[in-house]
Amino acid sequence: MKIAIRNGRLIDPANHVDQVADVFIAAGKIAAIGSAPSDWHSNKEINAQGLIVAPGLVDLSVHVKRGTLATELAAAAAGGVTSIVCPPDTDPVLDEPGLVDMLRMRANAQHGAHLYPLGALTKALGGEQLAELSKLAQAGCIGFSQADAAIADTQVLWRAMQYAATFGFTLWLRPEDPYLSREGAAHDGEVSSRLGLNGIPSSSETVEISRIIEISRGTNVKCHLSKISTARGVEMIRAAKREGLPITADVSIHHLHLTDIDIGHFNPNFRLSPPLRSLRDRDGLIAGLKDGTLDCVVSDHTPRPREAKQVPFGEAAPGATAVELLLSLVLRLAESAKLDLPDALAMIGARAAKTAGIAAGTLSVGVAADVCVFDAGAYRHITEASLKSAGKNTPFMGYELPGVVRATIAAGHIAYEQAS
Amino acid sequence: MLSKKNIQLNENGELHHLLAIEGLPKRILERILDTAESFVGINEREMKVVPLLRGKSIFNVFFENSTRTRTTFEIAAKRLSADVVSLDVARSSTSKGESILDTIANLSAMHADMFVVRHSASGAPYLIAQNVAPHVHVVNAGDGRHEHPTQGLLDVFTIRKYKKQFNHLTVAIVGDILHSRVARSQIHALTTLGVPELRVIGPQTLLPAEIERLGVRVFTSMEEGLRGVDVVTMLRLQNERMNGALLPSASEYFSRYGLTPQKLALAKPDAIVLHPGPMNRGVEIDSAVADGAQSVILPQVTYGIAIRMAVMAILAGATR
Amino acid sequence: MSVQKHQTDAEPLFNALRDQMAASIAYDAKLIGVYSGGAWLAERLKAELDGEHELGFIDVAFYRDDLSMSGLKPTVRATHIPFSVEGAHLVIVDDVLFTGRSIRAAINTLFDYGRPASIRLAVLVDRGGRELPIAADFVGDALIVAADQMLALNRDETGKLFLTMEPWKK
């Protein structure tokens with residue numbers, strides 16, 4: 001399959017490219033940029049006049065379940081996402097190599113986004129006994145995580161770090177103290193007090209960041225901190241990075257746009273984990289993203305069945321469907337936070353790929369052809385019908401958002417093309 | 001977005017659901033109080049029933065048990081001649097796995113005109129109000145630790161009965177503010193009605209985060225907080241609060257925050273004492289105060305009927 | 001639409017009503033004013049009629065049959081009847097008799113307080129348009145008023161009564 005994408009504005013932040021140029025794809029790889037290789041004849045031509053041609057997006061947090069893998073990979077493709085990192089809280093939990101093989105095989109059969117699994121750090125995510133990390137790594141796990149579960153026992157966490165450091169594995173840790181967040185539903189502050197919702201204090205995050213930093217210090221383990229939500233947390237990570245600790249961090253796109261005030265009258269679509277925090281926290285997250293303290297932006301895609309959100313706020317399952325909104329929400333962030341478009345795209349492209357240590361996020365000649373072609377000036381109306389994901393739970397339901405994906409190419413295959 | 005609209009009011013600015021005091025304009029609170037005033041007279045006469053809501057079906061749906069509150073709503077509905085059905089859902093269908101919305105849909109199919117809802121989860125009445133037919137009214141009879149608007153209204157009604165005006169009062173609310181829906185409703189009602197100084201008194205473990213943003217002054221010392229107040233509201237302290245690390249014991253709590261005649265003496269001589277009931281004597285309030293001359297706890301119960309009649313009458317009369 | 005508002009002196013009508021009543025009501029008949037116009041009339045009648053006429057006031061809002069059409073009116077006044085109606089001779093006093101529905105409501109209200117010996121009806125104006133079999137015993141005057149006009153009694157700061165006529169408010 002030979003594909004030519006012509007006349008688009010090519011934005012490849014990793015290679016400092018931002019110019020109108022043609023892209024040629026052959027044998028699943030980028031064959032040439034600019035002028036066609038000799039003897040070129042296309043099987044497919046995409047006219048990208050007025051459109052942006054960018055590396056396929058890299059989303060470091062997409063929760064998938066067995067039953068909905070196909071729909072969620074299709075949703076990712078519709079959102080221009082070609083690489084996803086999947087936390088181990090699948091059903092069943094990814095704590096055995098066979099389960100990882102099976103998940104990757106099923107994902108590969110979809111010819112959509114590349115799926116990079118995180119293995120369970122402890123068996124059944126129980127926080128007590130280490131999973132077989134080496135075997136899981138051989139099966140293709142790019143790191144190890146507890147998803148949203150905690151390791152309450154500090155000695156277990158310490159040993160997990162020592163063991164992972166022995167083999168150079170990266171730990172992906174979600175900093176949340178399980179006791180301070182117990183039974184919590186919303187950020188502990190004025191809004192939770194008004195609504196009478198159990199609060200999750202900012203300290204639930206900062207206490208855990210501090211614990212991770214302190215016990216990782218001697219082990220030199222690589223730690224990636226998932227879904228930072230507090231301004232104070234950003235400060236702590238900034239200091240740790242300055243000190244030279246091998247720490248990276250991401251932030252969910254929701255927390256860059258929304259605050260706890262947006263919960264309004266108990267809208268369960270705004271129940272997220274971590275909870276939406278204060279305006280000051282949101283500003284701190286944006287600042288952290290701009291100065292590189294936060295390495296990248298994730299969707300934290302968490303589709304939920306309707307009935308999981310048709311309950312009172314505090315009983316609603318946390319999370320939002322988001323992988324196919326990621327591009328639009330980052331474009332909107334670029335507007336509101338005054339980010340250059342290439343910088344913004346890098347946060348869900350090259351920067352994310354580098355953080356995860358995966359080969360993705362650029363359009364260099366010779367790399368796998370993962371491409372997203374989109375119209376940055378067009379707007380889309382977010383409705384239930386417009387979402388390909390099985391989950392319809394998003395705080396942005398009803399919004400008009402910028403950015404319409406015209407085509408997504410994953411490893412040289414057309415994974416999504418908008419019907420004309 | 002739907003969730004941000006004040007769904008309590010219809011397009012004409014009339015009360016359509018009573019879900020919370022927060023967000024209600026002063027004119028609506030005053031109208032409820034004024035209407036309740038005329039129901040007080042009806043409750044005192046031999047014939048206590050008026051035909052106002054004849055033919056209307058009111059469903060008391062209590063996902064959380066409360067015989068006392070449910071009974072006051074039943075009496076109020078009956079005195080308005082409504083057909084009233086009370087369901088203790090806590091003991092029946094939801095324990096079999098039926099969702100709140102399924103329960104409400106089933107009852108709606110029986111042509112309910114109004115739901116009076118109590119639920120242990122904050123915000124549950126909003127979920128219901130967003131999912132009922134446009135002509136159906138929802139009254140919040142207490143949701144989690146969010147609000148208990150009719151209790152807040154009967155509290156301010158009682159205060160108005162004894163103190164006439166709000167604009168010169170100092171009011172203190174004492175105890176477990178964190179878990180109290182009564183406290184939240186009373187705070188919003190009193191600030192809306194123009195009380196110039198509203199205090200909350202309790203240990204830090206029982207004070208919600210940033211509570212001062214609701215327009216209250218925070219005191220952790222009972223002695224300082226009670227000084228010169230016109231009204232004291234004592235909140236119920238539930239026994240399960242002693243289980244964790246919120247409080248060491250009931251007797252230690254009482255020694256600090258229990259209302260005794262000695263502590264009450266710090267308030268103005270004509271100060272009145274409210275309690276939403278049921279009381280824990282010897283935990284938050286001394287019997288000498290509960291049964292004393294300054295206690296208005298029983299009048300609160302009496303006025304509770306009139307307030308609930310007023311709310312039901314106004315809602316049922318709201319044009320779509 | 002221009003709102004036309006007409007005002008008419010109601011004092012002659014009041015005098016006519018009072019004179020009729022003076023000739024025929026019981027010495028101890030109790031006057032029940034229906035808020036708000038009827039309450040003013042009842043107060044004036046007590047002052048100007050001979051006899052021992054005790055005064056009561058009722059608001060019929062809770063007894064109306066049109067709640068679902070027009071809602072509970074914004075200001076409900078407390079019904080105040082400071083005497084036993086059991087076995088008493090009562091006169092309901094109202095300003096304008098129209099459909100008869102508020103008089104029906106007033107009678108029902110009174111029966112919830114007891115069983116009177118008799119109830120008679122005194123109105124300042126009978127404007128016709130009855131929807132119920134109700135007639136007044138004493139009438140200041142009968143007036144012909146277009147169906148789209150609202151007729152109401154008002155009182156100025158000196159206590160002088162006057163009638164206003166204007167189109168019904170939506």
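The values are calculated or read from the model by the stated rules, or taken from the named source; none is laboratory data. Owing to the predicted nature of the structure, the values given are computational and were not obtained by experimental measurement. Note that we place each Cβ from the backbone using ideal geometry, even for glycine, and neighbour counts take in every protein chain shown.
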For the stretch B:86-102, check the following and say yes or no: at least one residue is more than 14 Å from chain C (Cβ to nearest Cβ), part of a strand (DSSP E or B) and modelled with pLDDT under 95. yes
From the set of residues in the stretch B:43-77 that are crowded, with 17+ Cβ neighbours inside 10 Å and of a type in the set (D, E, K, R), which is nearest to the other protein chains (Cβ to nearest Cβ)? B:56
Looking at B:269, B:248, B:299, which one is more than 30 Å from residue B:81 (Cβ to Cβ) and modelled with pLDDT of 95 or more? B:269
Hey, can you tell me all the residues within the stretch C:4-48 that are farther than 12 Å from residue C:123 by Cα and touching an Asp or Glu at 6+ places or on another chain (Cβ under 6 Å)? C:5, C:28, C:30, C:35
If I filter the stretch A:44-60 for residues that are surrounded by fewer than 18 Cβ atoms within 10 Å (Cβ to Cβ), over 17 Å from residue A:376 (Cβ atoms) and within 22 Å of the chain's Cα centre (by Cα), do I get at least one hit? no
Filtered residues of the stretch A:363-375 (kept if under 20 Å from the mean Cα position of the chain (by Cα) and closer than 9 Å to residue A:51 by Cβ): A:373, A:374
Does any residue of the stretch A:75-95 turn out to be within 23 Å of the chain's Cα centre (by Cα), buried (at least 24 other Cβ atoms within 10 Å of the Cβ) and in the same structural domain as residue A:373 (by TED's automatic domain parsing)? no
Which members of the stretch B:115-169 meet the condition of being touching a Gly at 6+ places or on another chain (Cβ under 6 Å), of a type outside the set (Phe, Trp, Tyr) and over 21 Å from residue B:69 (Cβ atoms)? B:167
Boolean, residue A:177 is surrounded by fewer than 24 Cβ atoms within 10 Å (Cβ to Cβ), part of a loop (DSSP other than H, G, I, E, B) and free of Cβ contacts under 8 Å to residues at least 40 places away in the same chain: yes
Residue list for the stretch B:201-217, restricted to those being crowded, with 19+ Cβ neighbours inside 10 Å and in a strand (DSSP E or B): B:201
Just the residues that are surrounded by fewer than 24 Cβ atoms within 10 Å (Cβ to Cβ), within 14 Å of chain A (Cβ to nearest Cβ) and touching a residue at least 60 places away in the same chain (Cβ under 8 Å), please, taken from the stretch B:128-150. B:129, B:130
Mind checking which residues of the stretch B:293-320 are in contact with an Asp or Glu (Cβ under 9 Å, 6 or more places away or on another chain), among the small types (Gly, Ala, Ser) and farther than 15 Å from residue B:154 by Cβ? B:316, B:317, B:318
For the subset of the stretch B:179-200 comprising residues that are touching a strand residue (DSSP E or B) at 6+ places or on another chain (Cβ under 9 Å) and assigned to a loop (DSSP other than H, G, I, E, B), which member is farthest from residue B:29 (Cα to Cα)? B:180
Scanning the stretch A:277-303 for residues that are small (Gly, Ala, Ser) and within 19 Å of residue A:263 (Cα to Cα) gives A:278, A:299
Taking residue A:401, is it crowded, with 19+ Cβ neighbours inside 10 Å, under 30 Å from residue A:186 (Cα atoms) and not aromatic (Phe, Trp, Tyr)? no
Taking the stretch C:23-47 only, how many residues are within 17 Å of the chain's Cα centre (by Cα) and either small (Gly, Ala, Ser) or not in a strand (DSSP E or B) (or both)? 16
Which one of these is of a type in the set (Asp, Glu), surrounded by 15 or more Cβ atoms within 10 Å (Cβ to Cβ) and more than 18 Å from the chain's Cα centre (by Cα): B:102, B:88? B:88
Kindly provide the set of residues from the stretch A:183-201 that are at negative phi and more than 10 Å from chain B (Cβ to nearest Cβ), ordered by number. A:184, A:200
Spot the failing condition for residue B:13; the list is (1) touching a residue at least 24 places away in the same chain (Cβ under 8 Å); (2) on the phi > 0 side of the Ramachandran plot, and only one is missed. (1)
Wholly inside the stretch A:1-88, strands (runs of 3 or more DSSP E) that include 2 or more residues that are closer than 28 Å to residue A:227 by Cα are A:9-12, A:52-55, A:57-59, A:81-86
Quick one: which of A:103, A:171 is in contact with a strand residue (DSSP E or B) (Cβ under 8 Å, 6 or more places away or on another chain) and outside any helix (DSSP H, G or I)? A:171
Let me spell it out: the conditions are (1) in contact (Cβ under 8 Å) with a residue 24 or more places away in the chain; (2) more than 14 Å from chain B (Cβ to nearest Cβ), and residue A:166 meets all of them except one. Which number is the exception? (1)
Restricting the stretch C:62-96 to residues that are of a type in the set (Gly, Ala, Ser) and more than 30 Å from residue C:28 (Cβ to Cβ), the residue that is nearest to the other protein chains (Cβ to nearest Cβ): C:71
When every residue in the stretch B:15-41 that is surrounded by 18 or more Cβ atoms within 10 Å (Cβ to Cβ) and facing another protein chain (nearest Cβ under 7 Å) is compared, the one nearest to residue A:266 (Cα to Cα) is B:22
Selection status of residue B:75, more than 17 Å from residue B:115 (Cβ to Cβ), touching a residue at least 60 places away in the same chain (Cβ under 8 Å) and either touching a Cys at 6+ places or on another chain (Cβ under 6 Å) or β-branched (Val, Ile, Thr) (or both): yes
So residue B:275 clears everything in (1) within 19 Å of residue B:155 (Cβ to Cβ); (2) touching a Gly at 6+ places or on another chain (Cβ under 9 Å) except one condition, right? Which one? (2)
Take the stretch C:65-99 and flag every residue that is assigned to a loop (DSSP other than H, G, I, E, B), in contact (Cβ under 8 Å) with a residue 24 or more places away in the chain and surrounded by 18 or more Cβ atoms within 10 Å (Cβ to Cβ). C:79, C:81, C:85, C:88, C:98
Give the number of residues within the stretch A:202-218 that are of a type outside the set (D, E, K, R), assigned to a helix (DSSP H, G or I) and more than 14 Å from chain B (Cβ to nearest Cβ). 8
